[in-house]
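Below you'll find the structure, written out as structure tokens, and then a few comments.
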Amino acid sequence: MITLDPGAPGPLYLQIASRLRAAIATGALAAGVRLPSARTLSAQLGVARGTVDAAYELLAGEGAVQPKGAAGTVISTQVDHAAQAPAQRSLGFARPRIQLAAAPLPFQRGLPALDAFPRKLWSALSAKAARAIAEADLSYPDVQGSLALREKIVAYLGVARGVVCAPHQVLVTTGYQGALTLVRQALLRPGDPVWVEDPGHPQAFQALEIGGASLVPLPVDAEGMRVPAGIVAAPKARLAIVTPTHQSPLGVSLSLPRRLALLAWAEEARAWILEDDYDAEFRYTGPAPPALKSLDRGERVLFAGSFSKTLFPGLRLGYLVVPETLIETMTRAARLITRGPALLEQNVTAAFLAGGHFARHVKRMRGLYARRRAALARALSDHFPVELAAGGMHLLIRLPDGIDDSDAARRALAAGLSPTALSSLSIAHAPGRGLLLGFTNVKETEAETLVARLTAAVGG
């Protein structure tokens, strides 16, 4: 049985790879022995499945193990040579064998409709911002971000999300990952327990594990994250990370009783909550619930938003609203980690908001996504059970008995499609077998053809 040291430096996937490499070198794992599946080993170790996948990818790249598809991963017959792999490697995650194409593949999650973005308008605003650059703008930017952009963010959040804040509470970040990195570095120490939704966001799991956090995976049901389970499992956790508007990936909303219970726990335990409000703008059934932050009387919630879902991910801009008591701490962390995003992109984004273009674009995308979602759901309904949440940018299909969703996702990728296996997003609580399909880049006229390709690839 592999044992891990959460307090050791470096990401956990390197520890897993090191332990397996040592077992191969000593002969404890002989050539041809089948390793546990990534899902089984991640459950045993209490880590994200993606962490085990990264370890297996690393060892496969060294030749120590061989992926055999449905037959699993086995120890290479060249174990004597593989055991000589270097003990220390780059902290970067192993490069996947299959790279996504530059253009988004059909069904890829987390992308807005790139074909519908107003590129000409953005180009005009960019040119205008570039012409307006002053000498002072060439120096280091404000570590908290452009004041003009922070003021527009504050105005938008007050109207759209019910979040009342001031510009000095806002830090402009390099997307959500930038916000999570700031929170991890400023608020967490190695070994600190962190509540996470399960299933959830594997990249966030890995980012937390790199910093030595101890993940506490909490199951999700129809009312969102099961807060009482967290209070039982880790009542003294330092941080809880939630997606209360549209749980990622299941799409359910955190109920009001659980929101209140979460806030009460955080205040009593002196813990922090990171609210990831990643796609609240896209709601198709009734209004979006107000942000958890809008109920935060005890000032325990840090509110993260991103322009990656509303504009385009290549922009790499997001924002973090922090309580007054954390402004100095978070600003100091930002100064040490990022020095703030590039000023030109911030100025263009501020102009996009100031001109009313952002509100119009979001409204237009909401209508477009509703039509694309409906078209894809109709095309899928003859082949698979379809689960539609009230909002979001993807839908879920359930697979027939006997079809493994991870295998189905690999077959679909080989066919030029990019669904996500639901089971790959969990740590300890099995959410069932299914595929998550992003619909934002699936044109209505292409839905039937793409579903036929998917059905041929995965069965159904």
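May I ask you to list the residues in segment 18-37 that are touching a residue at least 60 places away in the same chain (Cβ under 8 Å) and not basic (Lys, Arg)?
Let us first name the residues in segment 18-37 that are touching a residue at least 60 places away in the same chain (Cβ under 8 Å), namely 18, 21.
Answer for segment 18-37, where residues must be touching a residue at least 60 places away in the same chain (Cβ under 8 Å) and not basic (Lys, Arg): just Ser18.
Going through segment 294-324 one residue at a time, which ones are surrounded by 21 or more Cβ atoms within 10 Å (Cβ to Cβ) and among the small types (Gly, Ala, Ser)?
Selection gives Ala304, Gly305, Ser306, Ser308, Gly318.
Has segment 123-144 got at least one residue that is closer than 16 Å to Ser308 by Cβ and either open to solvent by 30 Å² or more (accessible area, probe 1.4 Å) or in contact (Cβ under 8 Å) with a residue 60 or more places away in the chain (or both)? First the steps, then the outcome.
Pass one, segment 123-144, residues closer than 16 Å to Ser308 by Cβ: none.
Among the residues of segment 123-144, not one is closer than 16 Å to Ser308 by Cβ and either open to solvent by 30 Å² or more (accessible area, probe 1.4 Å) or in contact (Cβ under 8 Å) with a residue 60 or more places away in the chain (or both), which makes the answer no.
A quick yes/no check of all residues on (1) over 21 Å from Leu188 (Cβ atoms); (2) part of a loop (DSSP other than H, G, I, E, B); (3) among the acidic types (Asp, Glu):
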{"position": "Leu254", "(1), (2), (3)": "yes, yes, no"}
{"position": "Pro257", "(1), (2), (3)": "yes, no, no"}
{"position": "Glu268", "(1), (2), (3)": "no, no, yes"}
{"position": "Ile273", "(1), (2), (3)": "no, no, no"}
{"position": "Asp279", "(1), (2), (3)": "yes, yes, yes"}
{"position": "Pro289", "(1), (2), (3)": "yes, yes, no"}
{"position": "Lys309", "(1), (2), (3)": "yes, yes, no"}
{"position": "Gly314", "(1), (2), (3)": "yes, no, no"}
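Condition first: at pLDDT 95 or above and either among the hydrophobic types (A, V, I, L, M, F, W, C) or open to solvent by 20 Å² or more (accessible area, probe 1.4 Å) (or both). Now tell me which residues in segment 426-435 satisfy that. Steps first, answer last, please.
Pass one, segment 426-435, residues at pLDDT 95 or above: 434-435.
Result: Leu435, single match.
Any residue in segment 205-225 that's closer than 15 Å to Gln177 by Cβ: show its pairings with residues that are part of a helix (DSSP H, G or I) and at pLDDT 90 or above at Cβ separation under 6 Å, as long as the two are six or more apart or on different chains.
Ala207/Leu180; Gly211/Arg184
Give the residues of segment 337-350 that are open to solvent by 30 Å² or more (accessible area, probe 1.4 Å) and in contact (Cβ under 8 Å) with a residue 40 or more places away in the chain, sorted by residue number. Step through it out loud before you land on a result.
The initial filter retains those residues of segment 337-350 that are open to solvent by 30 Å² or more (accessible area, probe 1.4 Å), namely 337-339, 342-345, 347.
Within segment 337-350, Ile337, Thr338, Arg339, Ala342, Leu343, Leu344, Asn347 meet the criteria.
Do we have Leu157 as of a type in the set (A, V, I, L, M, F, W, C), touching a helix residue (DSSP H, G or I) at 6+ places or on another chain (Cβ under 8 Å), in a helix (DSSP H, G or I) and crowded, with 21+ Cβ neighbours inside 10 Å here?
No, not satisfied.
Give me a count of the residues in segment 33-74 that are open to solvent by less than 50 Å² (accessible area, probe 1.4 Å), farther than 24 Å from Ala207 by Cβ and touching a strand residue (DSSP E or B) at 6+ places or on another chain (Cβ under 6 Å).
The total comes to 5.
Check whether at least one residue in segment 170-192 is touching an Asp or Glu at 6+ places or on another chain (Cβ under 9 Å), crowded, with 18+ Cβ neighbours inside 10 Å and not in a helix (DSSP H, G or I), and report yes or no. Before you say what the answer is, go through the steps one by one.
Step one: filter segment 170-192 for residues touching an Asp or Glu at 6+ places or on another chain (Cβ under 9 Å), giving 170, 172, 176, 179-180.
Restricting the remaining residues to those that are crowded, with 18+ Cβ neighbours inside 10 Å gives 170, 172, 176, 179-180.
Still in the list and also not in a helix (DSSP H, G or I): 170, 172.
Checked segment 170-192: at least one residue is touching an Asp or Glu at 6+ places or on another chain (Cβ under 9 Å), crowded, with 18+ Cβ neighbours inside 10 Å and not in a helix (DSSP H, G or I).
Identify, by number, the condition in (1) farther than 13 Å from Val196 by Cα; (2) open to solvent by 10 Å² or more (accessible area, probe 1.4 Å); (3) of a type outside the set (D, E, K, R); (4) more than 15 Å from the chain's Cα centre (by Cα) that Ala271 doesn't meet.
(2)
Scan segment 23-42 for residues that are over 26 Å from the mean Cα position of the chain (by Cα) and closer than 12 Å to Val65 by Cβ and jot them down. Don't jump to the end; show me each part of the working.
So in segment 23-42, the residues over 26 Å from the mean Cα position of the chain (by Cα) come out as 23-35.
Once the filter is applied, which keeps residues that are over 26 Å from the mean Cα position of the chain (by Cα) and closer than 12 Å to Val65 by Cβ, segment 23-42 yields Ala23, Ile24, Leu29, Ala31, Gly32, Val33, Arg34, Leu35.
The values are calculated or read from the model by the stated rules, or taken from the named source; none is laboratory data. None of these values were measured; they are calculated from a predicted model. Don't worry about glycine lacking a Cβ; one is built from the backbone with ideal geometry, like all the others, and counts go over all protein chains shown. Accessible surface areas use protein heavy atoms only, side chains included; no ligands, DNA or RNA. Shrake-Rupley method; radii C 1.70, N 1.55, O 1.52, S 1.80 Å.
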